[in-house]
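Worksheet for the structure shown next.
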Amino acid sequence: MRFVQRLLLLAAYILGPPLSASAQTASNLYLLNCWGCHGSHGEGIKVTAPPLIGLGDFLKAEGGRAYIIEVPGVSLSALSDAQIALVMNWVLENMS
């Protein structure tokens with residue numbers, strides 16, 4: 001297990017049970033589900049995950065939206081469709 005994942009698990013253990021899905025903010029969902037690979041500011045991590053900065057331009061390309069939804073980190077995540085939409089909108093507002 002990578003260091004960041006261990007750190008997040010330790011923090012979750014220390015802070016107590018996770019918030020219910022309805023109480024989680026988009027930034028918390030990003031932190032828990034995306035940050036480990038895409039970085040704290042969406043800068044990406046070489047060889048692991050591409051940057052999310054400028055994602056809005058990619059989504060304007062033909063097939064861009066369909067591609068993003070099929071990326072394994074999105075399509076195989078434990079997030080609901082509503083949570084994915086919340087995080088994606090947050091990423092677009094804060095990193096594009």
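Each Lys or Arg adds one and each Asp or Glu takes one away; over the other residues whose Cβ falls under 15 Å from the Cβ of residue 39, this sums to +1.
Going by average Cβ density within 10 Å per residue, which order do the peptides 43-56, 24-37, 61-74 take, highest to lowest?
On the way: 43-56: 14.1, 24-37: 17.2, 61-74: 11.6.
Ranked by mean Cβ neighbours within 10 Å, highest first: 24-37, 43-56, 61-74.
For segment 35-51, backbone phi angles converted through the Karplus equation (6.51, -1.76, 1.60; θ = phi - 60°) give residue-by-residue couplings of 4, x, 9, 9, x, 5, 10, x, 6, x, 10, 3, 6, 9, 7, x, x Hz, Gly and Pro being listed as x.
Full extension of the chain between residue 81 and residue 57 yields a length gain of 6.4 nm, computed as 0.36 nm times the residue separation minus the alpha carbon distance.
Rounded to the nearest 0.05, what FRET efficiency is calculated for residue 2 and residue 69 with R0 set to 22 Å and r the Cβ-Cβ distance?
Details: r = 25 Å, r/R0 = 1.15.
Calculated value: 0.30.
Every read-out reported here was derived from the displayed coordinates using simple, explicitly stated rules and does not represent laboratory data. In this text, all values refer to a predicted model and were calculated from it rather than measured experimentally. Virtual Cβ from ideal backbone geometry, glycine too; neighbours counted across all protein chains shown.
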